[in-house]
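Each remark here refers to the structure printed beneath this line.
The values are calculated or read from the model by the stated rules, or taken from the named source; none is laboratory data. Keep in mind the model is a prediction, meaning the values are calculated, not measured. Virtual Cβ from ideal backbone geometry, glycine too; neighbours counted across all protein chains shown. Heavy atoms of the whole protein, side chains included, go into the accessibility calculation; ligands, DNA and RNA do not. Shrake-Rupley method; radii C 1.70, N 1.55, O 1.52, S 1.80 Å.
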Amino acid sequence: DFSVTGTGEAERVNGELASADYFATLGVRAQLGRLFTAEEDDAPNAHAVALISGDYWRNHFASASDVIGRSVRLNEREFTIIGVLPADFRGLSDNASVWIPMAMLGTTANPRLLTSRGTRWHEAVARLKPGVTLEQARAELAALGTNLAKANPDSNTNYSADVATLREEIFGDLRRPLLVLMGAVALVLVITCANVANLLLVRLSSRAREIAIRLSLGASRTQLARLLLTETALLAAIGGTLGLLIASWLLTALTAINPGNLPHFATLRLDLPVFAFAAGVSVLCTLVIGLLPLVQAARTDTNTTLKDAGRTDGAGAAGHGVRAGLIVVEIALSLALLTGAGLLIRSFVNLTQLPTGFKTEHLLAAQLVPPPQRYKEDASGPFRRQLLEKVSALPGVSSAALASDTPLDGNSGASFMTLEGASPVAAENEARVYRHSVTGEFFRTAGIPLLVGTSFGSEVTAKSEAVVVVSAALARKFGSPEAAIGKRLKFGKSGSQNPWVRIVGVVADTKYRGIPNNPTNDPDAYFPFEQNPSTLISILVSTRTEGSALAADIRRVVAALDPLLPVFGVSTMEERISTALSGKRFTSRLMGIFAGVALVLAAVGLYGVVSFSVGARTQEIGVRMALGARPADIFRQVIGSTGRLVLLGLLGGLALSLGLSRLMESMLFNVRAQDPAVYAAVAGLLALVSLLAAWLPARRAAAVDPMIALRAE
């Protein structure tokens, strides 16, 4: 990130440090000016040149053609703009607006990061030579890692590199959720096709006599097939057009659900490929759906149909069997969709109820990075103390604290550690810990319980004994939290000459670095800011009201202390958690929508088939009632026959769900893919909705007047 000053209010923009070959490797060219040269990679802090994105050029320079040669002030140093990149390019980080040469790292961080072998912040992108496979590239890197470990055992032991395609790197975490959603869409499409095919069969049955007359008058079966297919295609065209109109209307609603972790080039939009895909699917569905009516029409016996003029169900038992089979398929697929949605929704509910170990309500966080040119790590104490004092005095603030990083921001740094009295371990078993610098009120402000010992007070200074507060997971390495108090640890691998640090307190474990689980099982250690200053400062505020109301006040406090220092990342802890869960929320909600559509389609299809069957059997029902059948018997008979179809569908859907749910296991949290409660709930819901869909036709059947039914043709 860069602080941009000199053009009004200070702001923070996302950027990347890049080598000269970065853009050529990605196949990116400048739309104006030039890219970096190899010479600009060599001399540290010597070439203050910058590239800007097309969006930044438009928003900050009004797309001026003379932007090349202008300057932009990044981290209080003037950089000359040498090129403008395409508007749709945002770098591998997917949010960059500015790029500077890798050798200019000293303007953003400690320049030692360029030369220290112990730092591992680089990301590399490369193109494989023709004919070289990923396995070959992995083998070469593994050999390189082995050689580096032999030459530099202190920094490279147990470290290597892996190779993955850029597609896997970008879409790796999204692949399975997207495949699940695509599968859900496919199931809804199949259910829709089955429903439409059922309706077309019903319509064909009611036109059986018309079709027989057409055939008797000389129409060929080819002409009849062309007529039916044309009618189906017309319906498909109308339905497809309406579907696209509804899709454009729903697009805003889907975007509001917030996919969260989708890259910017994968945003939801209706474009030519989408229209082409929709048109292709419509044509395919037309052909598939039209097959059943065509087959049924081709089997029409004109003599039998014309003799049986009183029947409206010209398709006979065979037609009824096909329609019943389609209903069973619809119910089975609907159950599979409902089960998937139920599992994802229950998983998401479990995530929202997950204890994080820190406060999630009335907690506001903001970040700032004092530039190293004006704020040395050992000289920023006065600024931090003034900042904390003024923020704590704001109305509505219960308590405030500073930290080197805030929960869920992903900026925690890890170090190896050695515990006092611990036996030496093999290099591959060296313990690690995540380090955080905090002020004394941090634990109370963040709502992290202090289990044993004390926090940091005013007695802790840069010259006093080095102390640390550790998480319960680290304390358990000493046996218990109580046993850890007074013990010492030092950072670095076994044999490190770093000074010992005394443990003065133990706090509860937290989900500090990620939800639902920290990316690693390493514990946390909290140091006093006075003894371990950080170039990044996070302001944490516990409020008595809504935290977002204090954002403007915090900005004013920082501007009064340093007008060149931008405040960024202002958000409540609830917003941070919501962002962390946005991908899972999007998947579960969208899956729920698909399942709801499937449920409605299954209910409509079942109602249509049962209703048509009752209408076609009116005379039969009249005869039954004339021979003594009671309305209740007719009602039970209709509900019973429908129930058998529903039961077959549920059994088939259960088997399908058990198979498909295994594909979702990695997407679930604290819920089994074969969770009986979810299966029972969705099966009961689907059975209830299906029987309700059959209830009205069953009532109509029970209300048939035998005298009227027997007089009807």
**OP:** Please enumerate the residues belonging to the range 1-21 that are in contact with a strand residue (DSSP E or B) (Cβ under 8 Å, 6 or more places away or on another chain) and more than 21 Å from residue 372 (Cβ to Cβ).
**Re:** 7, 19, 20
**OP:** All but one of (1) at pLDDT 85 or above; (2) in contact with a Gly (Cβ under 7 Å, 6 or more places away or on another chain) hold for residue 632, so report the exception by its number.
**Re:** (2)
Subject >> Extreme residue, least open to solvent (accessible area, probe 1.4 Å), among residues of the range 221-242 that are within 20 Å of residue 279 (Cα to Cα) and hydroxyl-bearing (Ser, Thr, Tyr) >> reply: 232
**OP:** Scan the range 515-525 and give yes if some residue there is under 36 Å from the mean Cα position of the chain (by Cα), farther than 23 Å from residue 472 by Cα and not β-branched (Val, Ile, Thr), otherwise no.
**Re:** no
Original post:
For the range 125-149, which residues satisfy the criterion of being within 32 Å of the chain's Cα centre (by Cα), surrounded by 11 or more Cβ atoms within 10 Å (Cβ to Cβ) and in a loop (DSSP other than H, G, I, E, B)?
Top reply: 125, 127, 128
Original post:
In the range 636-694, which residue that is more than 30 Å from residue 624 (Cβ to Cβ) and of a type in the set (Val, Ile, Thr) is modelled with the lowest pLDDT?
Top reply: 671
**OP:** Tell me, please, whether a residue that is within 30 Å of residue 13 (Cβ to Cβ) and aliphatic (A, V, I, L, M) can be found in the range 518-530.
**Re:** no
**OP:** Only residues that are assigned to a helix (DSSP H, G or I), hydroxyl-bearing (Ser, Thr, Tyr) and open to solvent by 60 Å² or more (accessible area, probe 1.4 Å): list them for the range 150-202, please.
**Re:** none
**OP:** Could you figure out which of (1) closer than 20 Å to residue 2 by Cα; (2) surrounded by fewer than 16 Cβ atoms within 10 Å (Cβ to Cβ) isn't true of residue 64?
**Re:** (1)
Original post:
Mind checking whether some residue in the range 145-154 is of a type in the set (D, E, K, R) and modelled with pLDDT of 80 or more?
Top reply: yes
**OP:** Could you tell me whether the range 83-93 includes any residue that is within 21 Å of residue 367 (Cα to Cα), polar (S, T, N, Q) and within 28 Å of the chain's Cα centre (by Cα)?
**Re:** yes
**OP:** From the list 453, 457, 421, pick out the single residue that is on the phi > 0 side of the Ramachandran plot and open to solvent by less than 70 Å² (accessible area, probe 1.4 Å).
**Re:** 453
Subject >> Every pair of residues 6+ apart whose Cβ atoms lie under 6 Å, when the first sits in the range 602-622 and is more than 15 Å from residue 191 (Cα to Cα) while the second is open to solvent by 30 Å² or more (accessible area, probe 1.4 Å) and of a type in the set (Ser, Thr, Tyr) >> reply: 616/312
Subject >> Residue tally, condition more than 30 Å from residue 335 (Cα to Cα) and over 11 Å from the mean Cα position of the chain (by Cα), over the range 559-601 >> reply: 19
**OP:** Assess whether residue 66 counts as being at pLDDT 80 or above, closer than 20 Å to residue 24 by Cα and among the charged types (D, E, K, R).
**Re:** no
Subject >> Breaking point among (1) crowded, with 18+ Cβ neighbours inside 10 Å; (2) in contact with a Phe, Trp or Tyr (Cβ under 8 Å, 6 or more places away or on another chain), for residue 696 >> reply: (1)
Original post:
Quick one: in the range 505-545, which of the residues that are aliphatic (A, V, I, L, M) and surrounded by fewer than 21 Cβ atoms within 10 Å (Cβ to Cβ) is modelled with the lowest pLDDT?
Top reply: 515
Subject >> Restricting the range 652-691 to residues that are over 13 Å from residue 341 (Cα atoms) and hydroxyl-bearing (Ser, Thr, Tyr), the residue that is nearest to the chain's Cα centre (by Cα) >> reply: 666
Subject >> Restricting the range 430-446 to residues that are under 23 Å from residue 477 (Cβ atoms) and of a type in the set (Ser, Thr, Tyr), the residue that is least open to solvent (accessible area, probe 1.4 Å) >> reply: 437
**OP:** State whether one or more residues within the range 251-274 are at pLDDT 65 or above and under 27 Å from residue 199 (Cα atoms).
**Re:** no
Subject >> Selection within the range 67-102 - small (Gly, Ala, Ser) and open to solvent by 50 Å² or more (accessible area, probe 1.4 Å) >> reply: 69, 71, 93
Original post:
Do you know which residues across the range 648-676 are part of a loop (DSSP other than H, G, I, E, B) and either without any contact (Cβ under 8 Å) to a residue 40 or more places away in the chain or farther than 19 Å from residue 181 by Cβ (or both)?
Top reply: 670, 672, 674, 675
**OP:** Give me a count of the residues in the range 115-124 that are more than 25 Å from residue 27 (Cα to Cα), open to solvent by 60 Å² or more (accessible area, probe 1.4 Å) and not hydroxyl-bearing (Ser, Thr, Tyr).
**Re:** 2
**OP:** Determine whether residue 376 is part of a loop (DSSP other than H, G, I, E, B), loosely packed, with under 14 Cβ neighbours inside 10 Å and either at pLDDT below 90 or aromatic (Phe, Trp, Tyr) (or both).
**Re:** yes
